[in-house]
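The values are calculated or read from the model by the stated rules, or taken from the named source; none is laboratory data. Keep in mind that what you see is a predicted model, and the values were worked out from it rather than measured. Every residue, glycine among them, receives a Cβ derived from its backbone with ideal geometry; neighbour counts consider all protein chains shown.
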């Protein structure tokens with residue numbers, strides 16, 4: 001078993017990594033494979049100010065209801081954590097009886 005593992009390790013250590021194909025961008029700044037319809041030449045990039053304007057136009061801001069719901073969920077989670085009973089685990093009464101506990105103690 002060890003010889004087989006060692007032989008496999010030696011064979012795999014000599015293998016070279018496969019190079020990845022280059023990617024290009026289209027006119028919207030999205031990453032696409034080079035050579036597909038709408039792909040710009042390799043190395044072309046959308047100007048930063050235009051890229052930022054297109055990205056902000058794509059994603060609408062979160063609605064007020066969504067933000068209020070997320071805030072309420074966080075407050076509810078923290079309230080439930082605050083309502084947990086005190087537990088420090090130092091007293092034997094804090095723990096349930098385990099399988100290996102002796103009943104005659």
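Cβ-Cβ below 7 Å, separation at least six or inter-chain, first residue in the range 20-46 and touching a residue at least 24 places away in the same chain (Cβ under 8 Å), second part of a loop (DSSP other than H, G, I, E, B) and surrounded by 10 or more Cβ atoms within 10 Å (Cβ to Cβ): which pairs?
That search, which allows pairs on different chains as well, returns 29/46.
Yes or no: the range 54-61 includes at least one residue that is in contact with a strand residue (DSSP E or B) (Cβ under 7 Å, 6 or more places away or on another chain), surrounded by 10 or more Cβ atoms within 10 Å (Cβ to Cβ) and modelled with pLDDT of 80 or more.
no
Is it the case, given these coordinates, that residue 35 is surrounded by 10 or more Cβ atoms within 10 Å (Cβ to Cβ) and within 24 Å of the chain's Cα centre (by Cα)?
So residue 35 does not fit the description; no.
So which residues in the range 1-28 are within 30 Å of residue 41 (Cβ to Cβ) and surrounded by 10 or more Cβ atoms within 10 Å (Cβ to Cβ), if there are any at all?
22, 23, 24, 25, 26, 27, 28
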